[in-house]
1. Using the structure shown, decide if Arg102 is surrounded by fewer than 17 Cβ atoms within 10 Å (Cβ to Cβ), of a type in the set (D, E, K, R), part of a helix (DSSP H, G or I) and modelled with pLDDT of 55 or more.
2. Picking from Leu79, Leu83, Leu92, Leu122, which residue would you name as being of a type outside the set (Gly, Ala, Ser), closer than 19 Å to Val153 by Cα and either part of a loop (DSSP other than H, G, I, E, B) or at pLDDT 90 or above (or both)?
3. Select from the range 125-138 the residues that are assigned to a helix (DSSP H, G or I) and either in contact (Cβ under 8 Å) with a residue 40 or more places away in the chain or among the β-branched types (Val, Ile, Thr) (or both) and write down the one among them that is nearest to Leu152 (Cα to Cα).
Amino acid sequence: MSAAPGDATPATPSAAPATPSPASASPAPAVPSSATATPPAARAAQPGAASGPAAPVGRGAAGRRSRAARAKPARAAQLPYLLVLAIAIGGLAWMWQGGIGRAKEGTLALAGAMLIGALARLVLPEARAGMLASRRRLVDVVSLAALGIGLLVAGLVLPTS
């Protein structure tokens, strides 16, 4: 396009220069992101403000626990799991040492371990179940009970040597 004789705009393109001018090249002072962010107390006071993970709904600052306290269960919570594990290892060791002649007793011990695990998962709360709680309560109880009943039937069917 060419400029008309009465036009006041120049015919040269008005693109910004590729390199910044020396005046605009000076770096701006670094402002920490926390200085520009709204504090949590002011954010909660704003109507319609979304509360993030730092401010759970319905709990005050005194009701919050640290992330480490929530992620790490108490050692006593692992006792039911350790009991089931010890019985299962005992049953397997019994079968290993005794061979085919001790298969019935070992299988019954394994069945007992699974049934104890199902019962412990059923009656204990989530925080006290430890590693027995790997899925929802119903799924854990049904799978452990089904495995225990299957092993019990298999152990009762095996002949006594």
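The values are calculated or read from the model by the stated rules, or taken from the named source; none is laboratory data. Here the structure is a predicted model, which means the values were calculated and not measured. Glycine gets a Cβ as well: all are built from the backbone with ideal geometry, and neighbour counts include every protein chain shown.
1. Values: surrounded by fewer than 17 Cβ atoms within 10 Å (Cβ to Cβ): no; of a type in the set (D, E, K, R): yes; part of a helix (DSSP H, G or I): yes; modelled with pLDDT of 55 or more: yes.
So Arg102 does not fit the description; no.
2. Result of the check over Leu79, Leu83, Leu92, Leu122: Leu92.
3. The qualifying residue nearest to Leu152 (Cα to Cα) is Leu132.
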